[in-house]
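Inspection log for the structure reproduced underneath, given as structure tokens.
The values are calculated or read from the model by the stated rules, or taken from the named source; none is laboratory data. Remember, predicted model here, so these are calculated numbers, not experimental data. Cβ placement follows ideal geometry from the backbone for every residue including glycine, while neighbour counts extend to all protein chains displayed. With ligands, DNA and RNA removed, areas are computed over all heavy atoms of the protein, side chains included. Shrake-Rupley method; radii C 1.70, N 1.55, O 1.52, S 1.80 Å.
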Amino acid sequence: ESRERLSVCSKLCYAVGGAPYQITGCALGFFLQIYLLDVAQVDAFYASIILFVGRVWDAITDPMVGFFISKTSWTRFGRLMPWILFSTPFAIISYFLIWFVPDISRGRVMWYLVFYCAFQTLVTCFHVPYSALTMFISREQSERDSATAYRMTVEVLGTVLGTAIQGQIVGKVDTPCIESPFFFGMTNSSVAMEELNMTHDTESLTDTRNAYMIAAGVIGGLYILCALILLLGVREKRESSELQSDEPVSFFQGLKLVMNHRAYIKLIAGFLFTSLAFMLLEGNFALFCTYTLGFRNDFQNILLAIMLSATLTIPFWHWFLTRFGKKTAVYVGISSAIPFLIVVVVLDSNLVVTYIVAVAAGISVAAAFLLPWSMLPDVIDDFKLQHPSSRGHEAIFFSFYVFFTKFTAGVSLGISTLSLDFAGYQTRGCSQPDQVHFTLKMLVSAVPVGLILLSLLLFKLYPIDEEKRRKNKKALQDLR
């Protein structure tokens, strides 16, 4: 056990590697929808296609990358580290081009679709091997749990950085809205709208677009820095079982074994609906604050309050799960968001109440961040005990968990953007129709609450409690 202990420096370097995925993911999750609609001026229908196809493609690439990783030979740098090294520069280039508005009108949808899918592929080549690295930094459950807590703290801090950098840089630029044509006379409304569009496009949108590119450049620099710290500060350890001469089970045989592992399926099912709930909240919260609550100039600070609250409460949830167990942490942590999601739409628009709700929601977001990655290694340990001769499937476990959550998130975000289009969303409008307000309330409150309640019911079926986890740990030590 003493040989498997990790230094604080190693845990910190490992944790820093999780920041790029969260920084870029948070910036895209909170701001891409409103960027496509109000800055790039993509029609809501095509924006829904970009978000849907990009997320679904992102989901598909996870098992693909997991497959290729399982076929990768061990090198002197490890089996996972080369993937992280070679994907980083190309990911940064494609990320920057997502936030660039090309001087074309017809091909603009294809531009964003291509570079959004390219970035999702490249960041998957970074994150899947990084996630699987959890199993190769130590064989001790306590050390992996501790490293995971470090990682989740840094990852939530990464979401704070993503929200702060994107929100504060973009928020400094005032993007004037366009009044609805219903406020103009019927005879001159089209002329007035045309004049407004011309003046706003030439003056305000140029500054806003430049702000988005500056934010992309800053985030790209952080991506490189974090990748270098991970590569230089973490040593990938070869699992002792891999040193044996046995032939590893093929990918598809391993996939069949993994998908027949009941504990894994039940864990995925529970967190699938949890992640869906928070993904819907993330994707639509900026629009909800801007239009329904009327906080056009404050929404980036409200988002920042959510992420800061989540960052500060990660250590608390790590203590809570070690003290009371991971299943108890799931019930308490995830359900704590429900009353606040209801309050934010029931009460009248109030900035102070909104900040209070944001801080409370951040506490639940921290639990949703930490618990899946803390519980997945327990499932893998349980799988190893049931299939001691089958090895090398860590990437399958992590990549397919991410696959299911991303795929359903892509479907939900595409449907939510499409529903805004059907409700009559007006690009860059100062106000929106009542149908849009109702749709946004459903997307950030009623639907997430229903999904959270469903996930809590599914977690009742999850079989690995604290007693089972301790028995597995003892059995693995005896096996080794």
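Miscellaneous remarks
- Extension gain, ASP207 back to THR322 (0.36 nm per residue minus Cα-Cα distance, nm): 36.5 nm
- Packing-based order for 325-333, 132-140, using average beta carbon neighbours within 10 Å, highest first: 132-140, 325-333
- If the chain linking LEU225 and TRP74 were pulled fully straight, counting 0.36 nm for each residue of separation and taking away their Cα-Cα distance, it would gain 51.8 nm.
- Label-reachable residues, the range 118-153, where backbone N falls under 14 Å from a point 7 Å from GLU236's Cα toward its Cβ: 125-138
- Approximating the spin labels as points 7 Å out from Cα along Cα→Cβ, the ASN297-to-LEU461 distance works out to 5.1 nm.
- For the chain, average projected area of the Cα convex hull in nm²: 22.0 nm²
- For the chain: relative contact order, % (alpha-carbon pairs under 8 angstrom, 6 or more apart): 29 percent
- Scaled radius of gyration (Cα, divided by 2.2 N^0.38 Å) that the range 1-153 gives: 1.22
- Built amide H within the under 5 Å cut-off of GLY429, gap 5+: ILE178
- In a fully extended conformation the segment linking VAL173 and ARG262 would gain 26.9 nm over its present Cα-Cα distance, using 0.36 nm per residue.
- The range 250-479: relative contact order as a whole-number percent, Cα under 8 Å and 6+ apart: 39 percent
- Whole-percent carbon and sulfur share, accessible surface of the chain, 1.4 Å: 66 percent
- The candidates ARG323, ARG296, ARG151, ARG235, arranged from most to least accessible area with a 1.4 Å probe in the full protein assembly, appear as ARG235, ARG323, ARG296, ARG151.
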